[in-house]
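The values are calculated or read from the model by the stated rules, or taken from the named source; none is laboratory data. Since the structure is predicted, the reported quantities are computational estimates derived from the model, not experimental observations. Positions of Cβ are backbone-derived with ideal geometry, glycine not excepted, and every protein chain shown enters the neighbour counts. Each accessible area value is taken on the protein alone, full model and side chains, heavy atoms only, with ligands, DNA and RNA left out. Shrake-Rupley method; radii C 1.70, N 1.55, O 1.52, S 1.80 Å.
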Amino acid sequence: MEKKLRPNPAKRSNKPNQESNLVYQIEDKLYVNLTDRCTLACSFCPKHNGCTEVKGYELYLAQRPQVEEIIRLLGDPSRFSEIVFCGFGEPTLRLQDLLQIARYVKQNGGKTRLNTDGLGNRVHKRDITSELASCIDALSISLNAQDEATYTRHCKPSLTNSYASVLDFIEAAASVIDDVAVSAISGLEGVDIEACRKLTEARGARFKPRYLDVVG
Ligand code: SF4
């Protein structure tokens, strides 16, 4: 057994998906909520703190949405400054669906950004960055820590070698995608923001600190 997925542990209900669970607008960007699963259990994640809401949007997913459903909700993607794959889990866990939707956005004049935990190569056991580069304009990667021990403490990875894999992913992504931003959370206990910046810049990407309890 290789791929260990963590389900959304937030309180479940029988509520069906609403359209606002699947795509939600923040400022002039439209966010796509493809999945509620990931291989981490970050201490700062809303869903691991019993909350299913982000910026007033209920992100609980009764079931994962179909590609056609998301494309219908996107309509004309050029109405938004960016279509952001983000939501309540790790979008690259649904790689083929993610790529299909991103291609639709690009073919219809939109811009795409992927917010990711950087574990796509680890999960799929191959380098997926060139596939992403074919239809993703910008990447935001969560590095979260300057060393494996701090990463493990805050993100509780279920896959071995996760931290090293994120570092390799950053380097591979920066070699094929122009806009790669890497983040760590300033104020999170034990996180050395300047060390995270150095690790990022050494791999050819741009560092962007985030702040505790600020989402988006
Ligand atoms: S990777 Fe993202 S969705 Fe998964 S636990 Fe961490 S913050 Fe939450």
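Go through (1) touching a Leu at 6+ places or on another chain (Cβ under 6 Å); (2) closer than 17 Å to ALA41 by Cβ one by one and return the number of the condition VAL182 breaks. Among (1) touching a Leu at 6+ places or on another chain (Cβ under 6 Å); (2) closer than 17 Å to ALA41 by Cβ, VAL182 violates only (2).
Every listed requirement among (1) more than 15 Å from the chain's Cα centre (by Cα); (2) touching a residue at least 40 places away in the same chain (Cβ under 8 Å); (3) open to solvent by 20 Å² or more (accessible area, probe 1.4 Å); (4) within 15 Å of the ligand (Cβ to nearest atom) is met by SER142 save one, (1). For the stretch 71-101, what are the residues that are away from the ligand (no atom under 16 Å from the Cβ) and under 17 Å from the mean Cα position of the chain (by Cα)? Within the stretch 71-101, GLU82, ILE83, GLN96, ASP97, LEU99, GLN100, ILE101 meet the criteria. Looking across TYR104, TYR57, one residue alone is over 30 Å from ALA164 (Cβ atoms), more than 16 Å from the chain's Cα centre (by Cα) and within 16 Å of the ligand (Cβ to nearest atom). It is TYR57. Evaluation of LEU212 against the conditions (1) aliphatic (A, V, I, L, M); (2) in contact with a Leu (Cβ under 8 Å, 6 or more places away or on another chain); (3) open to solvent by less than 60 Å² (accessible area, probe 1.4 Å) shows that the sole unmet condition is (3).
Listed by position, the helices (runs of 4 or more DSSP H) contained in the stretch 114-216 that have at least 3 residues being small (Gly, Ala, Ser) and in contact with a helix residue (DSSP H, G or I) (Cβ under 7 Å, 6 or more places away or on another chain) are 162-176. In the stretch 42-66, the residues that are under 20 Å from ASN144 (Cβ atoms) reach residues that are within 11 Å of the ligand (Cβ to nearest atom) and outside any loop (DSSP other than H, G, I, E, B) with C-beta atoms within less than 6 angstrom, at least six apart or across chains, in these pairs: CYS42/CYS155; SER43/HIS154.
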